[in-house]
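Asker: Got a structure for you, written out below as structure tokens; questions coming shortly.
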Amino acid sequence: MLRNFLYVLYFVQKFLKGSVISSSLLNKKLKVALTYNVKPEENISGERTPLSSNSNAIKNFNDTYAEWDSIETINAIKDSLQLYHEVIMIEANEDAFEKFRNIKPDIVFNVAECANSTSREAQIPAMLDMLQIPYSGSDPLTLTTCLDKARTKEVLSYHGIPTSKFLLLEALRDLEKFNLRFPVIMKPVAEGSSKGIFDSSLINNIGELKSRLTELFSEYNQPFLLEEFLPGREFTVAILGNEEESIVLPIVELNLHELPSHLAPIYSYEAKWVVDTKDNPLNIFSCPAKITYDLARIISDTALRTYKVLRCKDWSRIDIRLDANGIPNVIEINPLPGVLPDPNDNSCYPKAARTAGLSYQEMINKVLNAAIKRHNLT
Ligand SMILES: Nc1ncnc2c1ncn2[C@@H]1O[C@H](COP(=O)(O)OP(=O)(O)O)[C@@H](O)[C@H]1O
Ligand SMILES: [Mg+2]
């Protein structure tokens, strides 16, 4: 009981420390451009369009655009920013550069995932750097590094941050170098939102590994990452703010043992998009995670160190899982975390913010304000 009280107190303290970026301190109305990509079966005109509530249409869709946002999310971000600022919508495509150049926003709120290669999340920030327009979130170097999960793990290892042992395979013949312990998890090196991580990606022997890899190499035109499986509890950690004002929002636990028993204990494509629907939400999340103060502290410190060494800016969400010895290991970093507004959608960054007492609108504006402060626009 006392321990539970202490770890909640720990977050509250951390949180209050970060309150200097609260929206009330900024009373200047800015010209904010929101740059985004919407899943292709939806569209956006820049005007407020009726929300699509047919999320099953998205969830039954194949995973090509799994990282792109729904119109519901983009409208919710727009509405949040509009509480304090003038908002201009700029779709993240080839025409965006000219629009940014002509409109000259004071700052850009960037949630654009874009497409084509591991540079995709960096494409808009690189345009904005060229035009010297400030934007929220991390820079091209961090976005590209975090998208490449192998490169991320190299950086983490250099800084002594625990991450599971891995092997990058560019072709099937690289399996000659295989030196990991089974079970292993296999993933495309540069995808997000569980693209290419299926229930069948948890592999127990070399025969299974060869046949799955042969299949996937032909489907995904990119190297594959093999990682030793971390068998412990899984958490995801939302961070908000910069430098000494970076705060850890309440930790979310993914109770993977509560998945239907035919599924492997991983947050796979099936778990994220098929089993979990709006009509039948999968309740495997606890926030704040029911963990001791000591474990909360170690997880938070690991996440903050990760945020720092990867030079994340304004916000990020870091996936962490305990190894066989109970040590928190970093799985991956999401410098553009998903922010689905409907609590039934189980989006973890907004879930952590809600637990900290922040509404969706406050959360979005705190991220923007962290960026405004970092760019000295106050
Ligand atoms: N090394 C690992 N050990 C155990 N589980 C893992 C490992 N890597 C990934 N997973 C599982 O797969 C899920 C998705 O992997 P992740 O790299 O976070 O991909 P995504 O970018 O799709 O979120 C994780 O949330 C976790 O459940
Ligand atoms: Mg993840």
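The values are calculated or read from the model by the stated rules, or taken from the named source; none is laboratory data. Note that the coordinates shown come from a computational prediction; the quantities given were computed from them, not determined experimentally. Neighbour counts run over all protein chains shown; Cβ positions are idealised from the backbone, glycine included. Side chains are part of the model used for accessible areas, which takes the heavy atoms of the whole protein and leaves out ligands, DNA and RNA. Shrake-Rupley method; radii C 1.70, N 1.55, O 1.52, S 1.80 Å.
Asker: State the number of residues belonging to the stretch 163-197 that are within 16 Å of ligand 2 (Cβ to nearest atom) and modelled with pLDDT of 90 or more.
Answerer: Looking only at that region, the number is 6.
Asker: Restricting attention to the stretch 151-161, which residues are away from ligand 1 (no atom under 11 Å from the Cβ) and either in a helix (DSSP H, G or I) or within 24 Å of Asp314 (Cβ to Cβ) (or both)?
Answerer: Result: Arg151, Glu154, Val155, Leu156, Ser157, Tyr158, His159, Ile161.
Asker: State all residues of the stretch 94-139 that are open to solvent by less than 30 Å² (accessible area, probe 1.4 Å), part of a helix (DSSP H, G or I) and either among the acidic types (Asp, Glu) or under 26 Å from Val330 (Cα atoms) (or both); if no residue qualifies, say none.
Answerer: Hits for the stretch 94-139 are Arg120, Glu121, Ala122, Pro125.
Asker: Which condition does Leu156 not pass, out of (1) away from ligand 2 (no atom under 16 Å from the Cβ); (2) modelled with pLDDT of 95 or more; (3) of a type in the set (A, V, I, L, M, F, W, C), if it passes all the others?
Answerer: (1)
Asker: Checking Ser164 against (1) more than 9 Å from ligand 1 (Cβ to nearest atom); (2) surrounded by fewer than 20 Cβ atoms within 10 Å (Cβ to Cβ); (3) more than 18 Å from the chain's Cα centre (by Cα); (4) closer than 30 Å to Ala112 by Cα, which single condition isn't satisfied?
Answerer: (1)
Asker: Test of understanding: among Thr306, Thr302, which residue is over 15 Å from the mean Cα position of the chain (by Cα) and β-branched (Val, Ile, Thr)?
Answerer: Of the residues listed, the single one that is over 15 Å from the mean Cα position of the chain (by Cα) and β-branched (Val, Ile, Thr) is Thr302.
Asker: Separate question: Just to be sure, is Thr355 closer than 27 Å to Gly160 by Cα, of a type in the set (Val, Ile, Thr) and either surrounded by fewer than 18 Cβ atoms within 10 Å (Cβ to Cβ) or in contact with a strand residue (DSSP E or B) (Cβ under 9 Å, 6 or more places away or on another chain) (or both)?
Answerer: no
Asker: Those residues that are β-branched (Val, Ile, Thr) and either surrounded by fewer than 17 Cβ atoms within 10 Å (Cβ to Cβ) or more than 15 Å from ligand 1 (Cβ to nearest atom) (or both), I need them from the stretch 181-233; list them, please.
Answerer: Ile206, Thr214
Asker: Still on this model: Given the structure, is Thr152 open to solvent by 30 Å² or more (accessible area, probe 1.4 Å) and among the β-branched types (Val, Ile, Thr)?
Answerer: Considered against the rule, which asks whether it is open to solvent by 30 Å² or more (accessible area, probe 1.4 Å) and among the β-branched types (Val, Ile, Thr), Thr152 comes out as no.
Asker: Considering the stretch 309-336 alone, what residues qualify as being away from ligand 2 (no atom under 15 Å from the Cβ) and more than 16 Å from the chain's Cα centre (by Cα)?
Answerer: Val309, Leu322, Asp323, Ala324, Asn325, Gly326, Ile327
Asker: Working carefully through the options Glu253, Glu170, Glu245, Glu270, find the one that is touching a residue at least 40 places away in the same chain (Cβ under 8 Å), in the same structural domain as Val155 (by TED's automatic domain parsing) and within 30 Å of Val309 (Cβ to Cβ).
Answerer: Glu245 is the lone residue from the list that is touching a residue at least 40 places away in the same chain (Cβ under 8 Å), in the same structural domain as Val155 (by TED's automatic domain parsing) and within 30 Å of Val309 (Cβ to Cβ).
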